[in-house]
Amino acid sequence: MLFPADITAKAEAVIEACRARGLRVATAESCTGGLVAGALTEVAGSSDVFDRGFVTYSNEAKMETLSVSLDVLETFGAVSVAVAWALAHGALQKSHADVAIGVTGIAGPGGGSEMKPVGTVVFALARRGDDPEKAVAETMTFDPELGRTGIRLQAVRAALDLLMPEEAAPPAP
């Protein structure tokens, strides 16, 4: 098993819910390095739902592959709602997906700052045809004590939660 059981279960639930709604999914990942796509494609039959994944680790890759603007990167930084939003929308534009998630963050152990400490991860979810102002974005800060792998796995869990279609999501506790 490549992923912990809870991640596999979340990925299965996302695939099943998206399949039931006829939704195709794309991912645009930086700090997770393709782990969200990996979790989704770990599920047998995921090709019914998963369109493609983009791993755009460097700023150059973000600009060249998903058309993230240099102005956005320089103004807000690679770890920002603006960049996560641009990643998600770029993935929609470069795919046949109905929904895309953008993930960018600082997995550590270095690279953090007072404003953006290690463990900061930003997510954005975009749906084809929605008003861009309706994009869902969230910033989370995971405990740096989890270490690089732990932060990345927590980010995968959060991304899968965001990918769950709203009407299929379990009620909040």
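The values are calculated or read from the model by the stated rules, or taken from the named source; none is laboratory data. Nothing here was measured: the structure is a model prediction, and the numbers come from that model. Quick reminder, even Gly has a Cβ in these numbers, built from the backbone with ideal geometry, and neighbours come from all protein chains shown. Heavy atoms of the whole protein, side chains included, go into the accessibility calculation; ligands, DNA and RNA do not. Shrake-Rupley method; radii C 1.70, N 1.55, O 1.52, S 1.80 Å.
List of remarks:
- Any hit, the stretch 68-91, residues being among the polar types (S, T, N, Q), surrounded by fewer than 24 Cβ atoms within 10 Å (Cβ to Cβ), at pLDDT 95 or above and in a loop (DSSP other than H, G, I, E, B): yes
- Pairing each residue of the stretch 7-23 that is surrounded by 18 or more Cβ atoms within 10 Å (Cβ to Cβ) with any residue that is outside any helix (DSSP H, G or I) and of a type in the set (D, E, K, R), provided the two are 6+ apart or on different chains, yields C-beta distances under 9 Å for 7/42; 11/42; 12/42; 18/24; 18/98; 23/98; 23/127.
- Filter pass, residue 155 being buried (at least 17 other Cβ atoms within 10 Å of the Cβ) and in a strand (DSSP E or B): no
- Qualifying residue in the stretch 109-122 (condition: on the phi > 0 side of the Ramachandran plot, in a loop (DSSP other than H, G, I, E, B), open to solvent by 10 Å² or more (accessible area, probe 1.4 Å) and out of contact with any strand residue (DSSP E or B) (no Cβ under 6 Å at 6 or more places or on another chain)): yes
- Within the stretch 30-45, the set of residues being open to solvent by less than 10 Å² (accessible area, probe 1.4 Å) and touching a helix residue (DSSP H, G or I) at 6+ places or on another chain (Cβ under 6 Å) comprises 32, 36, 39, 40.
- Test: residue in the stretch 57-64 that is among the basic types (Lys, Arg) and open to solvent by 30 Å² or more (accessible area, probe 1.4 Å): no
- Among residues of the stretch 93-124, those that are among the aliphatic types (A, V, I, L, M) and closer than 19 Å to residue 153 by Cβ, counted: 7
Residue-wise test of (1) under 21 Å from residue 8 (Cβ atoms); (2) in contact with a strand residue (DSSP E or B) (Cβ under 8 Å, 6 or more places away or on another chain); (3) of a type in the set (Phe, Trp, Tyr); (4) without any contact (Cβ under 8 Å) to a residue 60 or more places away in the chain.
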| residue | (1), (2), (3), (4) |
| --- | --- |
| 25 | yes, yes, no, no |
| 30 | no, yes, no, no |
| 49 | yes, yes, no, yes |
| 56 | no, yes, no, yes |
